[in-house]
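Structure first, then comments.
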Amino acid sequence: MNKRAPGIVANLPDESKLMLPGGVLRLRPTLPKDRLPIAVALSDERVSRYLAALPCPLDDRTLTEYMDFLCGSGQVSRTLELNGEFTGIVSLSDQIMFWVAHEYWGQGIASSAVNWFVDHHFACPDGRSLKAEVHASNAGSIYLLERLGFERTERVKRRFSFVSETIEEFLVLVLSKSNWSNLAQCNAKETWSRFK
């Protein structure tokens, strides 16, 4: 039986489908069969450079540990597929984490998946604030999170990157349930005003 940290949404649907301009985005539990497409996507340094804890290319032991993390207890993970093709991962443990294969950048996949996760998380009565730690040079992910209501904190984490083999900075962003609710209300008002 998986034990999840308090406040982590445990009642996510096993599978959801979201309509995007590029097709159908499917979110499903991450499974051992995802090992190969994950390894292929993370062999692209444009993706792995933002994931400090993973080397590029992934060695077998690290890939096994990463798969255990994604499929293991203490967090919730979803594999993303656009029109049946593997596109990336979104997961929630003590923070929300996500990445998308390079060929799918800029198609709204990460934004839609993170939005879906956050929405379900805050639907729980005990949904605590969410945290995201983002590579300081990852402008796309920072923009995505801020657009969803995450706010930068003063905290900066320094981590060793196995890709660059240097210490790199990661920004810490936080989203509270009240900020999420306020943003949802603003978006609803904006949508309503367009139909008047």
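Okay, here's what the table says:
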{"item": "Computed helical MRE - 222 nm, the chain, DSSP H runs ≥ 4 contributing -39500 (n - 2.57), nearest 500", "result": "-10500 deg cm²/dmol"}
{"item": "Relative contact order of the chain, defined on C-alpha pairs under 8 angstrom at six or more residues apart (%)", "result": "21 percent"}
{"item": "Sorted peptide list for 109-116, 32-39, criterion being average Cβ within 10 angstrom, highest first", "result": "109-116, 32-39"}
{"item": "Accessible solvent surface per residue of the chain, calculated while the other protein chains remain in place, 1.4 angstrom probe, Å²", "result": "54 Å²"}
{"item": "In the chain, lysine pairs closer than 30 Å at Cα, eight or more apart or cross-chain", "result": "17"}
{"item": "Net length gained if the chain between VAL156 and ASN182 were fully extended (0.36 nm per residue, minus Cα distance)", "result": "6.7 nm"}
{"item": "Debye, to nearest 20: dipole size of segment 39-196, +1 on Lys, Arg Cβ, -1 on Asp, Glu Cβ", "result": "760 debye"}
{"item": "Of SER91, TYR66, ALA53, farthest towards positive along the dipole that unit charges on Lys, Arg, Asp, Glu beta carbons give the chain", "result": "SER91"}
{"item": "Accessible carbon and sulfur surface of the chain relative to its total accessible area, %, 1.4 Å", "result": "54 percent"}
{"item": "Neighbourhood charge, 12 Å Cβ-Cβ cut-off, centred on PHE170 and excluding it, Lys, Arg +1 and Asp, Glu -1", "result": "+3"}
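The values are calculated or read from the model by the stated rules, or taken from the named source; none is laboratory data. Just so you know, these numbers come straight off a predicted model, no measurement behind them. Quick reminder, even Gly has a Cβ in these numbers, built from the backbone with ideal geometry, and neighbours come from all protein chains shown. In case anyone asks, the SASA skips ligands and DNA or RNA and just uses the protein heavy atoms, side chains included. Shrake-Rupley method; radii C 1.70, N 1.55, O 1.52, S 1.80 Å.
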